[in-house]
Amino acid sequence: MIRGSWKTAGIVLLAVALGVALGGGGLLDRAEAQTQGEAGGVIAVMGEQLRGDAPLVLVDTREESIMVYDYSYSRNTIELTSARSYRWDKRLEDWETRGPSVDEVRTRVEEGPVPEEPRRPPPGW
């Protein structure tokens, strides 16, 4: 498995978003899916299997930390590949992002509604 892959990053971001929603009494009462679950403030998300390995992401909403493990189906082993606290990350307003900045979005929202462009089907439809 390639460490630091975009797929793993996406899973981590999803886990953080779920952690914020679940841990903060947010939009969801609890996570329900075949490959994810939540108990005692810890959310587990199992990623897609690739070449016999799959990422397992744990988000501890109480400790505000993320742990990423690599589970090997063939060897029946698990290895910690990454861990970090997001306590300070979530206080960043804008860092290494694409698209409009937070200030640009804030300004557009404060100016009023933006006219919606007509939706077109994707090419090939």
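Coordinate-derived values only; no laboratory data. Only a predicted model underlies this, so the values are computations on that prediction, with no experimental measurement involved. Note that we place each Cβ from the backbone using ideal geometry, even for glycine, and neighbour counts take in every protein chain shown.
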Problem - Summed side-chain charge close to Glu111 - residues other than Glu111 whose Cβ falls under 13 Å, Lys, Arg +1, Asp, Glu -1 - result: -1
Completion exercise
Listed with the fewest Cβ neighbours within 10 Å leading, Asp94, Asp53 appear as Asp94, Asp53
Handout entry: Environment charge at Glu64 (Cβ cut-off 12 Å; Lys +1, Arg +1, Asp -1, Glu -1)
Key = +2
Completion exercise
In segment 35-89, the chymotrypsin sites (Phe, Trp or Tyr not before Pro) that sit in a DSSP loop and have at most 16 other Cβ atoms within 10 Å of their own Cβ are Tyr73, Trp88
